[in-house]
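Enquirer: The structure's right below; bear with me while I get my questions together.
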Amino acid sequence: MKRTTIGLDLAKRVFQVHAVEVNTGEMVRVALKRSQVLRFFANREPAVVAMEACGSAQYWARELLKLGHEVRLITAQFVRPFVKTNKTDAADAEGIWEAAQRPGMRYVALKSEEQQAVLGLHRLREQRVKMRNMLVNQLHGLMAEFGVALPKGWTVMLKQAGELLADSERSPIPALLRGALLEQIEQVRALSDQVKGLERQIGAWQRRAEDCQRIAAIPGVGVLTATAAVATIGDARSFRSGREFAAFLGLVPRQSGTGGRVKLLGISKRGDRYLRTLLIHGARTVLSWQRRPGRELDPWLKGLLARRAPNVVIVALANKMARTIWALLAHGRTFQRGFGQAAACTAA
């Protein structure tokens with residue numbers, strides 16, 4: 001029996017429902033308070049519930065799955081073209097309902113509570129690192145105003161700045177400002193301790209997760225990249241191919257063309273910027289390590305470097321790493337160095 005499709009517009013307090021009953025053709029438009037949502041869906045036959053992939057969407061998806069419904073999460077940019085009138089809750093719910101019935105629509109993978117928790121740790125760590133960088137840069141600038149040039153490395157800089165500020169006779173910083181700067185140094189150290197604590201929690205989860213350990217064997221994929229990738233992907237089989245996963249991360253070229261002529265531009269930079277950044281940093285590390293004296297450069301990278309700029313090669317390597325991650329997760333494989341060359345030789 002065909003299930004009824006329901007469009008659900010999420011909110012903090014008032015949720016909007018839009019549906020057309022399959023059997024009767026009756027249109028249902030209901031505004032629900034937060035406390036009424038689960039009760040409403042518990043009293044309905046199993047249906048296809050579509051929502052925008054926004055804040056709290058993963059929570060509501062898990063709750064609706066427990067009630068026997070099929071849940072589809074749609075990116076907001078794919079819903080917007082189907083909103084025909086002014087932007088209201090009712091119009092949004094109808095647009096979600098319309099988008100969910102398109103045969104070529106792409107959906108966001110559902111995540112478990114554990115995967116969301118790991119991503120939460122990553123977000124907290126990212127915020128602490130940004131705050132630490134802001135405080136360190138401000139410390140550089142304020143002390144430079146009084147003729148003090150601090151070294152670049154923040155650990156060495158903190159030590160030198162602390163010693164200089166503690167010495168009231170030798171310090172060129174006025175006493176009025178000195179105490180506040182010492183407090184800022186302590187804030188930077190406290191943030192560093194918090195970052196290390198969050199990294200220990202992420203590392204502990206990585207050691208327990210088999211998928212993380214398998215993809216961590218890929219050169220350039222460390223603890224942060226492995227855990228962020230597994231938590232972000234959810235079910236790898238929700239992507240049809242490694243290229244689709246790379247496109248999800250914005251690591252493929254944008255396309256522009258007409259009249260049958262398509263021009264490839266720079267990478268699209270769509271999707272998860274955090275994971276894309278981790279992959280690019282990992283690719284840069286791999287390339288830097290292989291280009292050191294006494295080490296042999298991968299033939300594929302060597303060929304790319306002969307005709308492309310280093311940054312282009314780094315992004316290409318990040319794309320290859322993303323595809324490899326998808327292949328290992330989707331097919332349950334382990335990483336084998338030189339797998340592509342061995343397969344090509346066997347085929348020949």
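The values are calculated or read from the model by the stated rules, or taken from the named source; none is laboratory data. This one's a predicted model, so the numbers in the text were calculated from it and none came from an experiment. All Cβ positions, glycine included, derive from the backbone under ideal geometry; neighbour counts span all protein chains shown.
Enquirer: Got at least one residue in the range 238-255 being more than 26 Å from Val313 (Cβ to Cβ) and either surrounded by 14 or more Cβ atoms within 10 Å (Cβ to Cβ) or touching a residue at least 60 places away in the same chain (Cβ under 8 Å) (or both)?
Expert: For the range 238-255, residues more than 26 Å from Val313 (Cβ to Cβ) and either surrounded by 14 or more Cβ atoms within 10 Å (Cβ to Cβ) or touching a residue at least 60 places away in the same chain (Cβ under 8 Å) (or both): present.
Enquirer: Here's a check for you: in the range 267-314, which residue that is surrounded by 13 or more Cβ atoms within 10 Å (Cβ to Cβ) and of a type in the set (Asp, Glu) is farthest from Phe245 (Cα to Cα)?
Expert: Checking each candidate, the answer is Asp298.
Enquirer: For Thr232, indicate whether it is farther than 22 Å from Ala53 by Cα, surrounded by 14 or more Cβ atoms within 10 Å (Cβ to Cβ) and assigned by TED's automatic domain parsing to the domain that holds Ala318.
Expert: Considered against the rule, which asks whether it is farther than 22 Å from Ala53 by Cα, surrounded by 14 or more Cβ atoms within 10 Å (Cβ to Cβ) and assigned by TED's automatic domain parsing to the domain that holds Ala318, Thr232 comes out as no.
Enquirer: Quick test of your reading of the structure: Val188 fulfils all but one of (1) in the same structural domain as Gly242 (by TED's automatic domain parsing); (2) part of a helix (DSSP H, G or I). Name the failing condition by number.
Expert: Evaluating Val188 over (1) in the same structural domain as Gly242 (by TED's automatic domain parsing); (2) part of a helix (DSSP H, G or I) leaves (1) as the failure.
Enquirer: So Asp272 passes all but one of these: (1) among the charged types (D, E, K, R); (2) touching a Ser or Thr at 6+ places or on another chain (Cβ under 6 Å); (3) more than 16 Å from Leu119 (Cβ to Cβ). Which condition number does it fail?
Expert: Single failed check for Asp272: (3).
Enquirer: Hey, another quick one. Test of understanding: among Gln36, Gln58, which residue is loosely packed, with under 15 Cβ neighbours inside 10 Å, farther than 17 Å from Val83 by Cα and polar (S, T, N, Q)?
Expert: Gln36
Enquirer: Now a separate question. Cβ-Cβ below 7 Å, separation at least six or inter-chain, first residue in the range 51-72 and under 16 Å from Ala93 (Cβ atoms), second of a type in the set (S, T, N, Q) and in a loop (DSSP other than H, G, I, E, B): which pairs?
Expert: Ala53/Thr75
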